[in-house]
There are 2 protein chains.
Amino acid sequence: MRIREVGPRDGLQNESVQLSVEEKLAWIHQLEEAGLSYIEVSSFVHPKWIPQLADADEVFKKLSRKPGIIYAALVPNERGLERALAAQVDEVSIFLSASEAHNQKNLNHSISETIASQERVIQKATEAGKSVRAYISTAFFCPYAGKTPITDVLKLIERFAKAGVREISIGDTVGQATPNHVEELFKRALAEVPARLLAFHPHDTRGTALANAYAAYMCGITAFDGATGGLGGCPYAPGAAGNVATEDLVYLFEGMNVATGINQEKLAQAATYIEAKVKRALPSHTLRTMPGEEVRG
Amino acid sequence: MRIREVGPRDGLQNESVQLSVEEKLAWIHQLEEAGLSYIEVSSFVHPKWIPQLADADEVFKKLSRKPGIIYAALVPNERGLERALAAQVDEVSIFLSASEAHNQKNLNHSISETIASQERVIQKATEAGKSVRAYISTAFFCPYAGKTPITDVLKLIERFAKAGVREISIGDTVGQATPNHVEELFKRALAEVPARLLAFHPHDTRGTALANAYAAYMCGITAFDGATGGLGGCPYAPGAAGNVATEDLVYLFEGMNVATGINQEKLAQAATYIEAKVKRALPSHTLRTMPGEEVRG
């Protein structure tokens, strides 16, 4: 079981609060101490688009890297890749949508334009000795186009696999998927590529994140993305949950006797830390529990 | 798929707000309009213990019953049964814990004392032409005794089945269960009794409610308990989710193309209504979503 912590990038980019470099480093240190072996630290997108992550170069510079941990960063294009390479990231991640409408709205390009540009990023990153992780977002539903045809997702998986990415993370970006849909997508994908190439990126918007993660796990998927505290949310839907809380994912799998290598108490501390920094109650479930709670009914 | 709405009883008894009889009736009316065919309306427990439900007799008296809907009420003992029969309930529900420690603390009796008393309630209710639903709480974990042995739950299921109850609702009272545990319990139970005798009562304390509901459904369970809005919570763990929100359960199953007979929009209206009445943000997930939401990441 491999848990990918995407909070410092995917979480913070959707929060309105600006954390200092020192606060980010302190949080990342707590994630390391909790046993996370994969941390997406930041994004080398233009600061104009995501000012919360404008300090990516400095965060990487000051990072006290622990052996055995992959420190990754998102790169939107070749310019971003140059910055990421200069910052000595361990892995770069790239991002597109399986829905044409969402890709156009989000990245201002067609899917075919985006993927052509990303193939150049993958090639250059690989030449520089870096592995690449590809996100396919809106892989189940698109807020503009409704249900995403599974064949559209399979085509992108095939293309990324051929281009040599290390892992492809399949995102339920709007949190609308249900377990049967997740099962169908992964079963069909696993007929084409090995399980080690695939990860699942659930969102808990409708409370289905762990049900979907369980369904993906039952198909043979063993890599899952989460953000501490359930950080992220959605800027256009106040109160809506975003990424599944890493600690909820870990609770699910540890409860199923699937070892994650993560210390749940230390992870809860990291979640408590970031919750205080973003100054809002995060949607994490396990963070709300207390030992010795008493219940009726 | 049969959804059992337990909010007016199991939800309200754990809320500190006192609703008027008229407010309860208005909410129940909205639940009827949403298509719920089973509503646990109140409890005939002594008002000293649960003042929020002290008006049970009056609520039943003023209920405008719709044909095809079962209006149920909890009864703690023979005295409660007399009140329930006088109030013309359609079904009575009874309640015990699979954990000796929890039963002792909660009901002030040993399990064997409780079940002996409940067998008399079942017999009298049956003689009066009423069906009986039995709750087995702490069926997975107990806040005092840890993991509940599955054999302890199976013994109670067998005893209730023999006593002639219509349905047995298996409760993850502290919301600590994970899908493998749920699967094991229900597979073993289904080796002893038919699926129509069993229901699952998940709590979403750690975000696992829908994952567990999905696991139970995959075993063949088709009756599930929920409370509109996720009403209930836990008086001893502020902020902790209690019952799974009925609308989250319905979202899960409708998303899987399992028809619940429930109108999701009208159900959301009922949840919005009760959320305003209890004056706190309820833990429902789907209630937080909005049409046309936009997401990044």
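Per residue of the protein assembly as shown, what 222 nm ellipticity follows from adding -39500 (n - 2.57) for every DSSP H run with n ≥ 4, rounded to the nearest 500?
About -12000 deg cm²/dmol.
Among the DSSP beta bridges whose two residues both lie in the protein assembly as shown, what percent are antiparallel, rounded to the nearest 5?
DSSP beta bridges in the protein assembly as shown are roughly 10 percent antiparallel.
Please give the solvent-accessible surface of B:Y71 in Å², to the nearest 10, using a probe radius of 1.4 Å with every protein chain present.
0
Name the residue, out of A:V92, A:V21, A:V250, whose mean-square fluctuation peaks in a Gaussian network model built on chain A with Cα pairs under 10 Å.
Result: A:V21 has the largest fluctuation of those listed.
Can you list residues from other chains, or at least 5 along the same chain, whose modelled amide H is less than 5 Å from the amide H of B:A199?
Amide H neighbours of B:A199, under 5 Å, 5+ apart: B:I168, B:S169, B:I170.
Give the aspartates and glutamates whose C-alpha is closer than 18 Å to that of B:K48, dropping any in the same chain fewer than 8 places away, or say none.
Answer for B:K48, where 18 Å is the Cα cut-off: B:D10, B:E15, B:D57, B:E58, B:E78, B:E82, listed by chain and number.
Output wanted: per-residue J couplings in Hz (rounded whole) for the range B:25-35, from phi through Karplus 6.51 cos²θ - 1.76 cosθ + 1.60, θ = phi - 60°, x for Gly and Pro.
So the J values, rounded to whole Hz, are 5, 5, 5, 4, 4, 5, 5, 4, 4, 6, x.
Can you tell me the dipole magnitude for the range A:18-105 around its Cα centre, using point charges on the Cβ only (Lys, Arg +1; Asp, Glu -1), in Debye to the nearest 20?
With only Lys, Arg, Asp and Glu charged at Cβ, the dipole is about 140 debye.
Taking a 32 Å limit on the Cα-Cα distance, which of the listed pairs A:K147/B:K187; B:K61/B:K266; A:K124/A:K266; B:K24/B:K187 fall beyond it?
Flagged as over cut-off: A:K147/B:K187; A:K124/A:K266; B:K24/B:K187.
So what J values fall out for the range A:79-94 if you push phi through Karplus, 6.51 cos²θ - 1.76 cosθ + 1.60 with θ = phi - 60°, rounded to Hz, Gly and Pro as x?
Once θ is set to phi - 60°, the couplings for the range A:79-94 become 4, x, 4, 4, 4, 5, 5, 4, 7, 6, 5, 7, 8, 9, 10, 10 Hz.
Using amide H atoms built in the peptide plane, which far-off residues or other-chain residues are under 5 Å from B:S131 H to H?
It is B:V92, by chain and number.
Choose one of A:L252, A:G35, A:P67: the residue whose Cα lies farthest towards the positive end of the charge dipole of chain A (beta-carbon charges +1 Lys, Arg; -1 Asp, Glu; about the Cα centre).
The one lying farthest along the dipole's positive direction is A:P67.
With solvent modelled as a 1.4 Å probe, how much accessible area in total do chains A and B shield from it at their shared surface, in Å² to the nearest 100?
Interface between A and B: roughly 4800 Å².
Which ³J(HN,Hα) values in Hz, rounded to whole numbers, follow from the phi angles of the range A:183-193 under the Karplus curve 6.51 cos²θ - 1.76 cosθ + 1.60, where θ = phi - 60° and Gly and Pro get x?
Going residue by residue, I get 4, 5, 4, 5, 4, 6, 5, 6, 6, 9, 9 Hz, with x marking Gly and Pro.
Return the long-range amide H neighbours of B:R2 (sequence gap of 5 or more, or a different chain), with a cut-off of under 5 Å between placed amide H atoms.
Residues meeting the amide H criterion: B:A223, B:F224.
For chain B, calculate the relative contact order in percent as a whole number, restricting contacts to Cα pairs under 8 Å that are 6 or more residues apart.
RCO, chain B: 19 percent.
Which value in nm describes the separation of the simple spin-label points at A:Q123 and B:D90, placed 7 Å from the Cα toward the beta carbon?
Inter-label distance under the simple model: 6.8 nm.
Restricting to Cα atoms and excluding each atom paired with itself, what does the Kirkwood estimate give for the protein assembly as shown in Å?
It is 24.8 Å.
Given labels modelled 7 Å from the Cα in the Cβ direction, how far is it in nm from A:D152 to A:H46?
Going by the 7 Å Cα→Cβ label model, 2.6 nm.
So in the range B:2-288, what percent of DSSP beta bridges are antiparallel if you round to the nearest 5?
Beta bridges within the range B:2-288, antiparallel portion: roughly 10 percent.
Please calculate how many Å² of accessible area the range B:2-288 carries per residue, with a 1.4 Å probe and no DNA, RNA or ligand atoms counted.
Averaged over the residues of the range B:2-288, the accessible area is 36 Å².
Which distance in nm do the two modelled labels at B:K66 and A:E113 give, with both placed 7 Å along the Cα-to-Cβ direction?
With each label placed 7 Å out from Cα toward Cβ, I get 5.1 nm.
Per-residue mean of other chain beta-carbon atoms within 10 angstrom of the beta-carbon, peptide A:8-21?
Across the residues of A:8-21, the mean count of other-chain Cβ atoms within 10 Å is 1.
Kindly identify the range B:134-209 as rounded, prolate or oblate by the Cα gyration tensor criterion: order the square roots of the eigenvalues as a ≥ b ≥ c, call it rounded if a/c is under 1.5, otherwise compare a/b with b/c, prolate if a/b is larger, else oblate.
prolate
When a/c is below 1.5 the answer is rounded, else prolate if a/b is larger than b/c, else oblate, so apply that to the range B:2-288 with a ≥ b ≥ c taken from the square roots of the Cα gyration tensor eigenvalues.
It comes out rounded by the Cα gyration axes.
So, in Å, what gap is there between the alpha-carbon centers of the range A:1-59 and the range A:170-185?
Answer, in whole Å: 25.
How about the range B:60-112: which trypsin sites (Lys or Arg not before Pro) there are in a DSSP loop, with at most 16 other Cβ atoms within 10 Å of their Cβ?
Passing both the DSSP loop test and the Cβ count: B:R65.
Rounded, prolate or oblate for the range B:1-64? Axes are the square roots of the Cα gyration tensor eigenvalues, ordered a ≥ b ≥ c, and the cut-off for rounded is a/c under 1.5.
Prolate, since a/c reaches 1.5 and a/b exceeds b/c.
Quantify, in whole percent, the carbon and sulfur part of the accessible surface of the range A:2-288 (1.4 Å probe; protein heavy atoms only).
That share works out to 52 percent.
Quick one: net charge around A:V59, please, counting Lys, Arg +1 and Asp, Glu -1 for every other residue with C-beta under 13 Å from its C-beta.
0
Select from A:Q176, A:Q104, A:Q13 the residue whose mean-square fluctuation is largest in a Gaussian network model of chain A (Cα-Cα springs shorter than 10 Å).
It is A:Q104.
The values are calculated or read from the model by the stated rules, or taken from the named source; none is laboratory data. The shown structure was predicted, so the numbers you read here are calculated from the model rather than taken from an experiment. Please note: Cβ atoms are built from the backbone with ideal geometry, for glycine as well, and neighbour counts cover all protein chains shown. With ligands, DNA and RNA removed, areas are computed over all heavy atoms of the protein, side chains included. Shrake-Rupley method; radii C 1.70, N 1.55, O 1.52, S 1.80 Å.
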